[in-house]
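The values are calculated or read from the model by the stated rules, or taken from the named source; none is laboratory data. No experiment lies behind these values; they were computed from the predicted model shown. Using ideal geometry, Cβ is built from the backbone for each residue, glycine included, and neighbour counts are taken over all protein chains shown. Please note that ligands, DNA and RNA were not included when accessible areas were found on the heavy atoms of the full protein model with its side chains. Shrake-Rupley method; radii C 1.70, N 1.55, O 1.52, S 1.80 Å.
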Amino acid sequence: MPLRATLDGSAVQSFNYSANEWGQLKSSYKSRTLTMACCGHKAIPKTSKLGTRYFAHARRGECTSAPETADHLKLKTIVAKAAEDAGWQVTTEFEGMTPGGEKWVADVYCQRGDKTMVFEVQWPHQSESEYLRGTEKYEASGINRVAWLYRDRANRDKLYDQPDSLPKFGFIPSDNGYVVPDFDVDIVEFVEGMFAGRLKWAPKKGDILDAFACYNKSRFLKCGGLNHYVCALEVHTKSGVSLGGELFDLYSSAREVIEANVSRERLLEYGIGSLDHIYNKRGGYAYMAHGCLHCNGVHCNHTYRFDYHTDITRSVPFSFRYDPELLHLRPKWCFSKSPA
């Protein structure tokens, strides 16, 4: 059930028709030459139960094109419309071939200048190796970028977050269509955002990131003075997507990042003394500490997991250039929602 056909010798795509134009085509197609793009057999304009316009075979015959669900058609239409609105030339059910002679048909093929992109809507389950093989097949054919939209489970058991650099994104049904649960966003906005550059694999070396030196408060036992102490470093993209961070503890590089980008004077503005350490002679190690604002003594910052927080309203904000050799953040796909 494709979105593309040939009408009186010219290629047409169902998503380009208005409701009124589609009604007129339904009334007049018998007196015109409407054929399927996949096989050249006679076609019928139809509307799915989800309201998607598509073309169907008048008689199936020997055509080998696979049937599609109403959801598959709907999602292809969403992608195709978003691509056209973004200024790309779009062809659905686009046929191609690898250098080795393997034929393929892409759900949505997009081209703008010398840039090409393919979208695939994956309804049945597919293994990771199949996603990889499909991507490599398109790349071998000269396609610049490939993106997958696949049907996700509504109640996923995601105990471990394992980001995948392969651009594949799950969707689940919602009351108004479909939602991409990883970003809690409607799929229409998600696809439009992809073409608008709001989806990025981050962070990359050299990116300018926003950081927040989160702090708590405690009293220095020797003098009773109240101090703020850094408990964690939280990092966001410039568009506000959280990339995680580190505790301010023995094994953290958070201290080096803060010292390199935040002046002593700025820390004092937030009630934070010098970044320091206390050496444990018996244990042979040093742990993070702060200088007291009141008596210049050095006190443990008491940074344990129970008092760690990422509340940026209690933090020292700053920006820095990302270097994974200094601070390692696990990269992931980041999507910036459109402003409210």
- [ ] Only loop residues by DSSP count here, and only those with at most 13 other Cβ atoms within 10 Å; note down the trypsin sites (Lys or Arg not before Pro) in segment 8-38 that meet that.
- [x] ARG32
Task: Cβ-based net charge around THR91, under 12 Å, with every Lys or Arg adding one and every Asp or Glu removing one - done: -2
Task: Helix-only mean residue ellipticity at 222 nm for the chain, each DSSP H run of n ≥ 4 adding -39500 (n - 2.57), per residue, nearest 500 - done: -5500 deg cm²/dmol
TODO: Give the range of the longest stretch in the chain that excludes all GluC sites (Glu not before Pro) found in loop regions by DSSP and having at most 14 other beta-carbon atoms within 10 Å.
DONE: 103-324
Open item on the list: Counting pairwise Cα distances across the chain, what percent come out greater than 25 angstrom?
Closed with: 63 percent
Task: segment 211-278: trypsin sites (Lys or Arg not before Pro) falling in loop per DSSP and having at most 15 other Cβ within 10 Å - done: LYS222, LYS238
TODO: Compute the relative contact order of segment 42-139 as a whole-number percentage, counting only Cα pairs closer than 8 Å that sit 6 or more residues apart in sequence.
DONE: 17 percent
TODO: Can you tell me how much longer the chain between ARG59 and THR6 gets when fully stretched, taken as 0.36 nm per residue apart minus their C-alpha distance, in nm with one decimal?
DONE: 17.5 nm
Task: Two-site label geometry, GLU269 and LYS222: point separation in nm, points 7 Å out along Cα→Cβ - done: 2.9 nm
- [ ] Could you list the square roots of 5 times each eigenvalue of the Cα gyration tensor of segment 52-156, that is, the equivalent ellipsoid semi-axes, sorted largest first and rounded to whole Å?
- [x] 20, 18, 17
Task: Accessible-area composition of the chain, carbon plus sulfur, in percent [1.4 Å probe] - done: 49 percent
Task: Surface per residue (accessible, 1.4 Å probe) for segment 25-102, Å² - done: 55 Å²
- [ ] Take the Cα atoms of segment 112-217, build their convex hull, and give its volume per residue in Å³.
- [x] 190 Å³
- [ ] Check the straight Cα-Cα distances from LYS337 and name the lysines below 28 Å, setting aside those fewer than 8 residues away within the same chain.
- [x] LYS74, LYS76, LYS81, LYS115, LYS158, LYS168, LYS200, LYS204, LYS205, LYS238
TODO: Name the longest site-free stretch of the chain, where the excluded sites are chymotrypsin sites (Phe, Trp or Tyr not before Pro) in a DSSP loop with no more than 10 other beta-carbon atoms within 10 Å.
DONE: 1-159
Open item on the list: Just to verify a number: FRET efficiency for SER31 and ASN144, C-beta to C-beta distance, R0 = 51 Å, to 0.05?
Closed with: 0.75
Task: Choice from GLY273, GLY240, GLY284 with maximal GNM fluctuation in the chain (Cα, 10 Å cutoff) - done: GLY284
